[in-house]
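The values are calculated or read from the model by the stated rules, or taken from the named source; none is laboratory data. A quick note: this is a predicted structure, and the numbers were derived from the prediction, not measured. Cβ placement follows ideal geometry from the backbone for every residue including glycine, while neighbour counts extend to all protein chains displayed.
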Amino acid sequence: MDGKIQFVQGDIPLAEYPRPQFRRDSYLPLNGLWDYAFSPSAALPAQYQGKILVPYSPESPLSGVNRQLKRDEFLHYRRFFTLPPNFNRGRVIINFGACDQCCTVYCNGVEVCSHRGGYLPFTADVTGLLNGGRNELAVTVTDDASSHIYGRGKQSYSAGGIWYTAVSGLWQSVWVESVPEQYIASLRLVPDAVNGTLTLSCRVAGGGDFPAVGCEVSDGGEIIASGQVPPDGTCVLDVSRCERWSPDSPRLYDIVLTCGQDRVQSYFGLRTFGVGERGGMRCLTLNGIPVFQSGLLDQGYWGKGIYTPSSNREMYESIKAVKALGFNMLRKHIKVEPLLWYYYCDVLGIFVWQDMVNGGAPYSPVRINLGPFIDLRLNDRNFRSMGRDDPLSRRQYLDEAEGTVELLINCVSLCVWTLFNEGWGQFDSLAVGERMRAKDPSRLYDNASGWQDTGGGDFYSRHIYFRKVRLKNDGRRILALTEFGGYSFSDGQKGKKLFSYRKFSSAGEYMQALEKLYIRQIVPCILRSGLAATVYTQLCDVEQEINGIFREDGSCKGEEERFRRINAALYAAFDSVFARTPPSFPDGAVKGNIVK
């Protein structure tokens, strides 16, 4: 499907269809210039102050506004739209990819819906409010990036160090679609590479008796399997002819769903994630085969667009560049991306570890500063000490976490859910882990990444920055180093306070130090302790944090071939442990007897 990726040229930003696994031909993009106004009042303003480029937050230079929405303010959006001839097939729905943090939507002056939470999509059915000509769409937004109720990720009003600029408002695509009175509202796909099956379930919305949904799997126009999904039931298709999906061969297959007059296009990849065991040590498996995952921590910040890339091509090229260095995984850190990002990972063959977005009360500076040096084991059922004393905060986390699973459930490349990170907003992680696994039993769970481990989940998940990497296997879970590194060098940045975990004076010293880190510390942990996954900090520079392997403009700080040799050494060491083969390191990757 790589050859099917096309990028739209024109005046509308991010104009590509934004929902690749649930696509309809009905599509009217509403990205572009909207009216905006900042106001102390929730009332729709009589006058607007200027133009904002949606879907860029007002804090971003690309929005054309470059102004922070304050906690006690309202941000008002307005634009007009006219439906093309024959567009309306029965119902007209406006889709919002994400809006941070709370908003109310109006159509032609009438309130349509409201939404809470800054990272998940929502819809507004405006069918009964359309006037047949030019229609007015308005959105009123409030945002408090310091709120203890809603997820906020790395957003901060005091950006610096590992905290970044807070965003607000519409930061993902907005578009209109039309559906018949009865339509397919959702789809769930469960591939099983071991048995060669694909299980489908659908939800149909609208009045009357719900018919079965027809489903058809094809490859290049050739039909591989077909069937009917009964109302409130499932359909199991034999797809054993399909090639298994893997990073080396990321094969995807087309799906078409039909329900009366409604037609939805989707895709899937045949794969199964699991846990393997050799000699008392555990590892991740793909389609039953042990696999080492070498990844990068991806903060999801995009330079002048902050939360939003300048183009969808920028997302695609970023993932492609990671693959070129020999990495096979990205850990999406405390942010949910637009759905096209996950599609590009599916197409290019990059494993995804998805963090849930953290929140709660302000994080304890003592805990943050002590965490890298001591192994904290606090009682995360003490909600007050963990910053989750408010039951609304805990309820919102669960709602957003379950909503994230529902949103990304069909992503082929997504193999691990990370529930909490370094104790930030963590609470009752054992119970939360059981709840989430019941929601999606097909993936692995990192209950507590970093310190604050409570013994649950599939991973013994460690973060190490200021000391030598030495790891022991707990004998029960997969040993994973889910953050480490954070190296930088003087790269010409001036005029701002820069942050990294370790600094070097030149590009040469930086690259040599990275090689030593991986070969002299990480490889021995694989050979001796069964280390099965690594996440280097980080993918790219973000604002003042210059830990990135890539600069903010996407250029790489090191030589591609040297990164590829590093990763080849990791995979060779892993194979010698979990596939029981003699280690065969690439030339130049290991010099001297440094892994004894």
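Is it true that some residue in region 108-116 is over 29 Å from the mean Cα position of the chain (by Cα) and touching a residue at least 40 places away in the same chain (Cβ under 8 Å)?
Yes: one or more hits.
Quick one: would you say L339 is farther than 21 Å from V542 by Cβ, touching a residue at least 24 places away in the same chain (Cβ under 8 Å) and aliphatic (A, V, I, L, M)?
yes
Output the qualifying pairs, or none if there are none: Cβ atoms under 6 angstrom, residues six or more apart or on different chains, first residue in region 136-164 and without any contact (Cβ under 8 Å) to a residue 24 or more places away in the chain and within 20 Å of V336 (Cβ to Cβ), second residue among the hydroxyl-bearing types (S, T, Y) and part of a strand (DSSP E or B).
Partner pairs satisfying both residue conditions: W163/S156.
Which one of the conditions (1) under 30 Å from R476 (Cα atoms); (2) buried (at least 18 other Cβ atoms within 10 Å of the Cβ); (3) of a type in the set (V, I, T) does V239 fail to meet, given that it meets all the rest?
The single condition V239 does not satisfy is (1).
Residue check: is A37 surrounded by 13 or more Cβ atoms within 10 Å (Cβ to Cβ), among the small types (G, A, S) and more than 29 Å from the chain's Cα centre (by Cα)?
yes
Filter region 404-447 for residues that are within 13 Å of the chain's Cα centre (by Cα), over 23 Å from P18 (Cβ atoms) and not hydrophobic (A, V, I, L, M, F, W, C) and give the result.
Across region 404-447, the qualifying residue is only T418.
Filter region 60-93 down to residues that are more than 31 Å from the chain's Cα centre (by Cα), more than 28 Å from P309 (Cβ to Cβ) and not in a loop (DSSP other than H, G, I, E, B), then give me how many there are.
Of the residues in region 60-93, the ones more than 31 Å from the chain's Cα centre (by Cα) are 80, 82-90.
Adding the requirement that they be more than 28 Å from P309 (Cβ to Cβ) leaves 82-83, 85-90.
Next, only the ones that are not in a loop (DSSP other than H, G, I, E, B) stay: 82.
The total comes to 1.
Mind checking which helices (runs of 4 or more DSSP H) fall wholly inside region 292-372 and carry at least 2 residues that are among the β-branched types (V, I, T)? Before you say what the answer is, go through the steps one by one.
Working: elements: 312-324, 339-348, 365-370.
Qualifying helices (runs of 4 or more DSSP H): 312-324, 365-370.
If you take the residues in region 87-101 that are touching an Asp or Glu at 6+ places or on another chain (Cβ under 7 Å) and either within 24 Å of L14 (Cα to Cα) or free of Cβ contacts under 8 Å to residues at least 40 places away in the same chain (or both), which one is surrounded by the most Cβ atoms within 10 Å (Cβ to Cβ)?
Of the residues in region 87-101, the ones touching an Asp or Glu at 6+ places or on another chain (Cβ under 7 Å) are 90-91, 93, 95, 100-101.
Subsequent filtering for residues that are either within 24 Å of L14 (Cα to Cα) or free of Cβ contacts under 8 Å to residues at least 40 places away in the same chain (or both) retains 93, 95, 100-101.
Values: I93: 17, N95: 18, D100: 27, Q101: 25.
Ranking the qualifying residues of region 87-101, first place goes to D100.
The rows are residues; the columns are (1) among the basic types (K, R); (2) free of Cβ contacts under 8 Å to residues at least 24 places away in the same chain; (3) in the same structural domain as F122 (by TED's automatic domain parsing); (4) buried (at least 23 other Cβ atoms within 10 Å of the Cβ).
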site: E402; (1), (2), (3), (4): no, no, no, no
site: L407; (1), (2), (3), (4): no, no, no, no
site: S429; (1), (2), (3), (4): no, no, no, yes
site: D440; (1), (2), (3), (4): no, no, no, no
site: R443; (1), (2), (3), (4): yes, no, no, no
site: D446; (1), (2), (3), (4): no, no, no, yes
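Just to verify a result, which residue in region 477-526, among those that are of a type in the set (S, T, N, Q) and in a helix (DSSP H, G or I), is surrounded by the most Cβ atoms within 10 Å (Cβ to Cβ)?
The extreme case among them is Q521.
Of the residues S114, S147, which single one is closer than 24 Å to S364 by Cβ, of a type in the set (S, T, N, Q) and either at pLDDT 95 or above or not in a strand (DSSP E or B) (or both)?
Numbers: S114 fails: closer than 24 Å to S364 by Cβ.
So the residue among S114, S147 that is closer than 24 Å to S364 by Cβ, of a type in the set (S, T, N, Q) and either at pLDDT 95 or above or not in a strand (DSSP E or B) (or both) is S147.
Looking only at region 356-378, decide whether some residue is surrounded by 14 or more Cβ atoms within 10 Å (Cβ to Cβ), charged (D, E, K, R) and under 17 Å from D446 (Cα atoms).
Let us first name the residues in region 356-378 that are surrounded by 14 or more Cβ atoms within 10 Å (Cβ to Cβ), namely 356-361, 363-364, 367-368, 371-372, 376, 378.
Okay, now just the ones that are also charged (D, E, K, R), so 367.
Now drop any that are not under 17 Å from D446 (Cα atoms), which leaves none.
Among the residues of region 356-378, not one is surrounded by 14 or more Cβ atoms within 10 Å (Cβ to Cβ), charged (D, E, K, R) and under 17 Å from D446 (Cα atoms), which makes the answer no.
Residues V167, V141, V217, V204: which one is of a type in the set (V, I, T), in a strand (DSSP E or B) and within 24 Å of the chain's Cα centre (by Cα)?
The unique qualifying residue is V141.
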